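The values are calculated or read from the model by the stated rules, or taken from the named source; none is laboratory data. Keep in mind it's a predicted model, so treat the numbers as computed, not measured. Here the Cβ positions follow ideal geometry from the backbone for every residue, glycine too, while neighbour counts run over all protein chains shown.
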Protein chains: 2
Amino acid sequence: MNCAAVLDAIRDAGTARVTELVRATGLSRPTVSAAVSTLMADGWVEETEAPDIDLPRMGRPARVLRFRADARYVLGIDVGPHKIYCAVADLSGTVVSRVRRDVTEASTQAGLLDHVQATMREVLDAVPVPSSALAAVGLGTPGIVDERRGAVVQAPSVPGWSSLELGSLLRRSVECPVHVENDVNLAVMAERWNGAGGDADNLILVQWGARVGAAVLVQGQLHRGAHGAAGEIGFVELEEEPQGVQADGLGPLESAVGTAWMLRRARSLGDDESPDAAAVLTAAADGDPRARRVVDEACARLARGLASFVSAIDPELVIIGGGVALAGDAILDGIRRHLTRRALVVPRLELSRLGDDAVALGAVRLALADAERRLLDVYTVPTP
Amino acid sequence: MNCAAVLDAIRDAGTARVTELVRATGLSRPTVSAAVSTLMADGWVEETEAPDIDLPRMGRPARVLRFRADARYVLGIDVGPHKIYCAVADLSGTVVSRVRRDVTEASTQAGLLDHVQATMREVLDAVPVPSSALAAVGLGTPGIVDERRGAVVQAPSVPGWSSLELGSLLRRSVECPVHVENDVNLAVMAERWNGAGGDADNLILVQWGARVGAAVLVQGQLHRGAHGAAGEIGFVELEEEPQGVQADGLGPLESAVGTAWMLRRARSLGDDESPDAAAVLTAAADGDPRARRVVDEACARLARGLASFVSAIDPELVIIGGGVALAGDAILDGIRRHLTRRALVVPRLELSRLGDDAVALGAVRLALADAERRLLDVYTVPTP
């Protein structure tokens, strides 16, 4: 218990003298000193020189203690059907290594896992610590995830992904706990932690690219829903006659607004030059009238689905992430205009600040939460 | 502090002997006895005979203490554009008096308040205690409510209701706190407390009659949303071209599925006999094919809006309340069938068990929560 309190105080302060720890914890000086000795022996705390901002003193420098954020690392993995993105962070959440790999071929489950493991090796090789220093792994994947089992239970938009036991499979490669979560759920955690989420307690993140997903934060907490399916906006049915899952695996709404639709719509309006949807989105950001029209039509369609989500949840903020963020304010303005015609109360709208990093950073956050829980538990649980 | 602990123990037990209170609280016998004396002097606890289930004993009967649930009362009020329903309950939540008054004429704000005050007087006159025993008032009203101010800030479906300062106006008639909340929010609290909600932590209540509203419970807590507008399903826009608020003040969805639409649709199918929508709903419950068709079409329309709410929130349970419950399983079956075609995961569906009482009971619950908080505060806050 004392070690946990002293460790918390050191982490809160950054660096601290024993005198400051006595004040912060309310413990006696001998108790603090004993706790510091234990924490140093266990490798969580080190002695260091006082920071430069201290006034110069006579005699030997004071003993300053620092949390060893690099004593362990966590790994966050964003596994999508077309990319694998790994990020390694220390216990302060600072990313020290990242590797992104595009997966272009049609991936079998076995082929995909080979890619994941190769990317993991690559990103961990860049970190100057043994694999035993890896404290936890977080992994984000499309689909509805049973996070207790670490398995994808339903992923209509990614053929072959359903009933993928990602957690069990990865646990064979590492010696630490592996946690699996829906990718957009992780992205919203990252936005709240370090992105556009700020202090909004009720927010919706719409991740809008080839696919469209959403994640919901209620009272500052991730809202998974009763079956882990909260926020599946890509599968919302807007029409009187339900459309169902499309031939390409996309849900009705994502099929109607995703980047594939945007490129097709640009072509139908006579755009023969843009090589891909990214070019259309960038042209919209630059003010090209035809690209603007495509983006506006897409925003009108998205707002039709999003308005119901906004009516159900009444968030203070909606963050737009994913590929469409390339269009910048054209996306925000379009959504705002069409939402205003459809919702009783229109929330604040912002673009994601984390872009492509959001899912991997959320996975890092998930792994960190687990690592910290177990790290502190060592000192909180009474020894038998 | 000791009084609060002893009072809690007596309320938990129903009736209790001092010996049992010593065991339940961990306090000493003299401390418990002193607390009991204080609570009896303040009127919260009374001595009573041991209940019949006790074995007969020799000598004088043991001293059994009972919480005086009738020491104070709370008042719950359901104020709608067409009715006022008042319920008085004691501190155990048992309703001891109720009065319902239909309001048929077009109500001005002043006329409405006259009706509310007359109904309050009538319901309180039936209770054999002075008005000073009224501990708190809860009031439910349609529209978006600023519950801190006790005011309706937006009520598109009830003309003249917006910016109604119900809380301030009522506080002139009573000497206790008045709390105002959206009516459907109160109904969902009542369902969770004493109705079909049971132990569902994530649930949506759809109140479906002339108007359609919804309320959302997330992790067992009422979810108001950032602007108090969560769950406004009646104003969901389904069509590509937004419909806006209709001439009769109804939102687009409630206009397309409400009881007024049902009666019109029955007429258009040749039903010249049903005097009102209630008759159509009852006929559907009895298996009349034409009435069944009306109900099924209404369910298809409602499911179109509800499916988005279900996708956003992923509840384990959806409760259907309001006038349409007259159609019984025909309503549940219709919604389930159409929802299955539109939602990735279909929640459990149940009819409200509280019917017309739901809002007033939720208002009682709101008032009780406040009364209990202040009642216990007396014993928790240190005296100066």
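Filtering the stretch B:314-337 to residues that are within 9 Å of another protein chain (Cβ to nearest Cβ) and on the phi < 0 side of the Ramachandran plot leaves B:PRO315, B:GLU316, B:LEU317.
For the stretch A:170-194, the candidate set comprises residues that are at pLDDT 90 or above and either part of a loop (DSSP other than H, G, I, E, B) or of a type in the set (S, T, N, Q) (or both); within that set, the residue that is surrounded by the fewest Cβ atoms within 10 Å (Cβ to Cβ) is A:PRO177.
Flag set for A:VAL378, criterion: modelled with pLDDT under 90, β-branched (Val, Ile, Thr) and not in a loop (DSSP other than H, G, I, E, B). Please tell me if A:SER255 is of a type in the set (S, T, N, Q), within 30 Å of B:ALA214 (Cβ to Cβ) and more than 14 Å from chain B (Cβ to nearest Cβ). So A:SER255 passes the test.
Look at A:GLY167 and say whether it is in contact with an Asp or Glu (Cβ under 7 Å, 6 or more places away or on another chain) and either outside any loop (DSSP other than H, G, I, E, B) or under 25 Å from A:ALA89 (Cβ atoms) (or both).
So A:GLY167 fails the test.
Taking (1) modelled with pLDDT under 95; (2) under 19 Å from A:LEU203 (Cα atoms) in turn, A:PRO384 satisfies each apart from (2). If you take the residues of the stretch A:215-228 that are at the interface with chain B (Cβ under 8 Å from one of its Cβ atoms) and assigned to a loop (DSSP other than H, G, I, E, B), which of them is surrounded by the fewest Cβ atoms within 10 Å (Cβ to Cβ)? Checked the stretch A:215-228; the qualifying residue surrounded by the fewest Cβ atoms within 10 Å (Cβ to Cβ) is A:GLN219.
Tallying residues that are surrounded by 22 or more Cβ atoms within 10 Å (Cβ to Cβ), over 22 Å from the mean Cα position of the chain (by Cα), farther than 22 Å from B:ALA200 by Cβ and not basic (Lys, Arg) within the stretch B:291-339 yields 5. If only residues of the stretch A:83-107 that are in contact (Cβ under 8 Å) with a residue 60 or more places away in the chain and either part of a loop (DSSP other than H, G, I, E, B) or of a type outside the set (A, V, I, L, M, F, W, C) (or both) are counted, the one that is surrounded by the most Cβ atoms within 10 Å (Cβ to Cβ) is A:TYR85. The condition of being touching a helix residue (DSSP H, G or I) at 6+ places or on another chain (Cβ under 9 Å) and in a helix (DSSP H, G or I) holds for B:GLU297. Selection over the stretch A:202-214 of residues that are closer than 13 Å to A:GLY143 by Cβ and either small (Gly, Ala, Ser) or within 8 Å of chain B (Cβ to nearest Cβ) (or both) gives a count of 1.
Residues to consider are B:GLY249, B:GLY231, B:GLY198; find the one that is in a loop (DSSP other than H, G, I, E, B), closer than 20 Å to B:VAL346 by Cα and away from chain A (no Cβ under 11 Å).
Being in a loop (DSSP other than H, G, I, E, B), closer than 20 Å to B:VAL346 by Cα and away from chain A (no Cβ under 11 Å) holds for just one of B:GLY249, B:GLY231, B:GLY198, which is B:GLY198.
In the stretch B:234-243, what residues are assigned to a loop (DSSP other than H, G, I, E, B) and either more than 8 Å from chain A (Cβ to nearest Cβ) or surrounded by 20 or more Cβ atoms within 10 Å (Cβ to Cβ) (or both)? The answer is B:VAL236, B:GLU237, B:LEU238, B:GLU239, B:GLU241, B:GLN243. Out of A:VAL318, A:VAL324, one residue alone is part of a helix (DSSP H, G or I) and β-branched (Val, Ile, Thr). It is A:VAL324. When residues in the stretch A:311-337 are screened for being within 19 Å of A:THR259 (Cα to Cα) and not hydrophobic (A, V, I, L, M, F, W, C), 7 of them pass. Within the option set A:ASP286, A:ASP248, A:ASP271, being surrounded by fewer than 14 Cβ atoms within 10 Å (Cβ to Cβ) and under 22 Å from A:ALA330 (Cβ atoms) holds for one residue only, A:ASP286. Here the condition is being hydrophobic (A, V, I, L, M, F, W, C), in contact (Cβ under 8 Å) with a residue 12 or more places away in the chain and either assigned by TED's automatic domain parsing to the domain that holds A:HIS82 or touching a Cys at 6+ places or on another chain (Cβ under 8 Å) (or both); of A:ALA325, A:ALA343, A:ALA330, A:ALA367, it holds for A:ALA367 alone.
Among the residues of the stretch B:151-164, not one is at pLDDT 85 or above and part of a loop (DSSP other than H, G, I, E, B).
Residues considered: B:ASP146, B:ASP102, B:ASP90. Of these, the only one that is at pLDDT 85 or above and within 14 Å of chain A (Cβ to nearest Cβ) is B:ASP146.
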